[in-house]
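Chemist: This is the structure I want to talk about, given as structure tokens.
The values are calculated or read from the model by the stated rules, or taken from the named source; none is laboratory data. The shown structure was predicted, so the numbers you read here are calculated from the model rather than taken from an experiment. All Cβ positions, glycine included, derive from the backbone under ideal geometry; neighbour counts span all protein chains shown. The accessibility values were calculated without ligands, DNA or RNA, using every heavy atom of the protein model including side chains. Shrake-Rupley method; radii C 1.70, N 1.55, O 1.52, S 1.80 Å.
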Amino acid sequence: MVKLDGKVAIVTGGSRGIGASISKELAANGVKVVINFNTSSEAAEQVVRDIESAGGTAFASQADVSDIAQSRVLVEDAINKYGRIDILVNNAGITRDRTFRKLSPEDWKQVIDVNLSSLYNMTSASLSHILESDAGRIINISSIIGQAGGYGQTNYAAAKAGIIGFTKSLALELAKTGVTVNAICPGFIETDMVAAVPEEIRQQIIAKIPVKRFGKPEEIARGVVYLCQDGAFITGHELSINGGMHM
Ligand code: NAD
């Protein structure tokens, strides 16, 4: 088992939801966490305070990870502060759900840029540092929608399926170096993204989940910690955490 104490992680979109939970769970295991946010600085600072009051180490860093220059600055910020990067969690994501015939070029581009191009931006900016780690980990948050498709989600499904292809290809390229690359595919998890869904539709979704409930952000976070601690022989994997909704 890898000792995570003293390792350094960047979590993109770490200010709320799944990213905040991943940041807290990593910090609880001794990881120094760079909590990236784009617009919600108060929420990111609150996550930092929560981590510090529990005895952990973290700081918040603003960057739009769909922009390559800002992604590079984020990585520089992490290096200036903590001197190394062991773990990159590409978690930032957005939806712009519309049926295909209503989907504008902007809806397409924004979702691809934030959910998928950010992986190129952040990985290319940080890889030379991650390669110096004795237990480098790249963990990409995909989605059940990338595995199964979703009505009104051609843009999001394409981005999330793209993450899986990216993960497997990079895993092959990096296998010899000891850096593992994995994707986590959450099902429906209780965060702001799912809270925005009308109650009637929420009940229809729960009816389709074999365990009959939404997942919790911590259930994704513990998957991340597992891949960091015990995952030296796990690479190129799609870890489904979805209550049995897609097998
Ligand atoms: P959320 O909307 O609560 O959080 C998304 C985070 O990404 C926020 O912190 C936001 O500030 C950040 N972000 C958005 N655009 C950004 C940008 N350009 N640069 C930097 N940060 C940016 O969503 P969540 O539910 O916590 O989702 C986290 C990840 O999990 C996303 O990739 C999402 O697609 C994925 N996911 C969520 C669910 C779910 O049911 N909630 C299911 C499957 C996959």
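Chemist: Suppose we keep only residues that are open to solvent by 50 Å² or more (accessible area, probe 1.4 Å) and among the acidic types (D, E) within segment 91-112. Which one would you say is nearest to the chain's Cα centre (by Cα)?
Modeler: So the residue we want is D97.
Chemist: Shifting gears a bit: Restricting to segment 188-208, name every residue that is in a loop (DSSP other than H, G, I, E, B) and open to solvent by 60 Å² or more (accessible area, probe 1.4 Å).
Modeler: Within segment 188-208, E190, A196, P198 qualify.
Chemist: Within segment 209-224, track down each residue that is more than 10 Å from the ligand (Cβ to nearest atom) and either farther than 13 Å from V89 by Cα or open to solvent by 80 Å² or more (accessible area, probe 1.4 Å) (or both).
Modeler: Within segment 209-224, I209, P210, V211, K212, R213, K216, E218, E219, R222 meet the criteria.
Chemist: Look through segment 225-247, keep the residues that are part of a helix (DSSP H, G or I) and of a type in the set (G, A, S), and return whichever of them is most open to solvent (accessible area, probe 1.4 Å).
Modeler: Top of the filtered list is A232.
Chemist: From the set of residues in segment 171-187 that are β-branched (V, I, T) and more than 21 Å from I241 (Cα to Cα), which is surrounded by the fewest Cβ atoms within 10 Å (Cβ to Cβ)?
Modeler: The extreme case among them is T177.
Chemist: Let me ask another. Regarding R84, is this residue farther than 20 Å from I139 by Cβ and more than 10 Å from the ligand (Cβ to nearest atom)?
Modeler: Here the answer is no, as R84 does not meet what is asked.
Chemist: Give the residues of segment 225-242 that are more than 19 Å from the chain's Cα centre (by Cα) and within 16 Å of the ligand (Cβ to nearest atom), sorted by residue number.
Modeler: none
Chemist: With the condition being farther than 21 Å from I220 by Cα, I'd like the strands (runs of 3 or more DSSP E) fully within segment 1-99 carrying at least 2 qualifying residues.
Modeler: Ranges flagged: 58-62.
Chemist: Among the residues of segment 120-170, count how many are out of contact with any Lys or Arg (no Cβ under 8 Å at 6 or more places or on another chain), part of a loop (DSSP other than H, G, I, E, B) and surrounded by 18 or more Cβ atoms within 10 Å (Cβ to Cβ).
Modeler: Looking only at that region, the number is 2.
Chemist: Do the conditions hold for D86, that is, is it over 22 Å from H246 (Cβ atoms) and touching a Ser or Thr at 6+ places or on another chain (Cβ under 6 Å)?
Modeler: When the stated conditions are applied, D86 passes them.
Every residue, every condition in (1) touching a Gly at 6+ places or on another chain (Cβ under 6 Å); (2) within 25 Å of E190 (Cα to Cα); (3) of a type outside the set (D, E); (4) open to solvent by 10 Å² or more (accessible area, probe 1.4 Å), yes or no:
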site: G17; (1), (2), (3), (4): no, yes, yes, yes
site: S23; (1), (2), (3), (4): yes, yes, yes, no
site: A28; (1), (2), (3), (4): no, yes, yes, yes
site: V75; (1), (2), (3), (4): no, no, yes, no
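Chemist: Looking at segment 88-129 only, could you name the residues that are within 13 Å of the ligand (Cβ to nearest atom) and among the basic types (K, R)?
Modeler: R96, K109
Residue by residue, here is whether (1) of a type in the set (D, E); (2) more than 9 Å from the ligand (Cβ to nearest atom) holds:
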{"residue": "K32", "(1), (2)": "no, yes"}
{"residue": "A44", "(1), (2)": "no, no"}
{"residue": "I51", "(1), (2)": "no, yes"}
{"residue": "G56", "(1), (2)": "no, yes"}
{"residue": "A60", "(1), (2)": "no, yes"}
{"residue": "D64", "(1), (2)": "yes, no"}
{"residue": "I68", "(1), (2)": "no, yes"}
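Chemist: Is there any pair linking a residue in segment 222-247 that is closer than 18 Å to K168 by Cβ to one that is open to solvent by less than 60 Å² (accessible area, probe 1.4 Å) and at pLDDT below 95, with Cβ under 7 Å and at least six apart or on different chains, and which?
Modeler: That search, which allows pairs on different chains as well, returns A232/V2.
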